[in-house]
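Report on the structure given below.
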Amino acid sequence: SLTLPHLAVVSLFLSSGTFAHLKPPPSPPPSLDLALSVLYSVVPPVLNPLIYSLRNQELKAAVRTLMTGWF
């Protein structure tokens with residue numbers, strides 16, 4: 001099943017790839033190329049742990065709530 005973290009990662013990856021491929025065709029400044037390559041290759045892997053840690057915190061909170069209901 002698709003969850004919000006999965007959708008966030010996929011949308012982040014697709015949007016950064018879209019920006020990288022839709023840059024202006026006539027030789028853009030090198031700083032734009034660098035910014036787009038960083039956006040495409042560095043930002044998604046850096047944000048993955050943050051996005052999935054949110055999911056883990058939600059899971060831990062749900063288990064904690066479930067366990068306190070039993071005892």
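A few notes on this one:
- Scanning region 24-32 for any residue that is within 16 Å of the chain's Cα centre (by Cα), surrounded by 10 or more Cβ atoms within 10 Å (Cβ to Cβ) and modelled with pLDDT under 75 turns up nothing.
- Residue in region 60-67 that is touching a Lys or Arg at 6+ places or on another chain (Cβ under 7 Å) and either modelled with pLDDT under 75 or farther than 25 Å from Thr3 by Cβ (or both) present: no
The values are calculated or read from the model by the stated rules, or taken from the named source; none is laboratory data. Not measured: the values here are computed from a predicted model. Neighbour counts run over all protein chains shown; Cβ positions are idealised from the backbone, glycine included.
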